[in-house]
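So the structure is just underneath, and the comments pick up after that.
Read-outs throughout are calculated quantities, based only on the coordinates presented, and are distinct from any laboratory measurement. Owing to the predicted nature of the structure, the values given are computational and were not obtained by experimental measurement. Positions of Cβ are generated from backbone atoms using ideal geometry, with glycine treated the same way; all protein chains shown enter the neighbour counts.
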Amino acid sequence: MNVVDVHKRINELAEERGLSPYELAKRAGMAQSSLYNMFERGTMPKIETLDRLCKGMGIDMSDFFVVWSKPRAGGYLTEKDVELVEVNHNLSERNQDHLLIYAQGLKTAQNKEEK
């Protein structure tokens, strides 16, 4: 995971929780300027800083990395897998159910073609 991925993940998680940079910094017990400088300078946060940010968002640090580290049958999530998870996450529950039914139908059709 590179610095761009870490910054993107921080932004995604904060946005999901409706936290502005000011509110996130406040909850993490750090100055907003420190958070701003980290993003502006493109620096990787120290482990302690990342832990504080995670706690400020109400998650464990392990939750921060879950999208990139979730094992699957062939290894770890690919970029396309992550994109599918993100798309699904942004759908309403009803549309998530529709997407799942559609995906299961595609899998069934593929299995029939392979036989």
Compute the relative contact order of the chain as a whole-number percentage, counting only Cα pairs closer than 8 Å that sit 6 or more residues apart in sequence.
18 percent
Once both labels are modelled 7 Å past Cα along the beta-carbon direction, what's the ASP5-LEU99 spacing in nm?
2.1 nm
What ³J(HN,Hα) values, in whole Hz, does the Karplus curve 6.51 cos²θ - 1.76 cosθ + 1.60 give for the range 101-115 when θ = phi - 60°, with x put for Gly and Pro?
4, 4, 5, 5, x, 4, 5, 4, 4, 5, 4, 5, 5, 6, 7
What angle do you read, to the nearest 10 degrees and between 0 and 90, between the alpha-carbon axis of helix 79-89 and the longest principal axis of the chain?
80 degrees
Give me the angle, in degrees from 0 to 90, between the Cα long axis of helix 32-41 and the longest principal axis of the Cα atoms of the chain, rounded to the nearest 10.
60 degrees
Would you list, by chain and number, the lysines whose Cα falls below 18 Å from the Cα of LYS80, excluding same-chain residues fewer than 8 positions away?
LYS8, LYS70, LYS107
Expected 222 nm ellipticity per residue - DSSP helices of 4 or more, -39500 (n - 2.57), all of the chain, to 500
-21500 deg cm²/dmol
Per residue, the convex hull enclosing the alpha carbons of the range 3-66 has a volume in Å³ of 71 Å³
Entry for Rg and Dmax of the Cα atoms in Å (calculated from the structure that is shown) out of (1) 17.9, 60; (2) 12.5, 34; (3) 15.1, 55
(1)
As I understand it, the value is the acute angle between the Cα axis of helix 3-16 and the longest principal axis of the Cα atoms of the chain; what does it come to in degrees, rounded to 10?
80 degrees
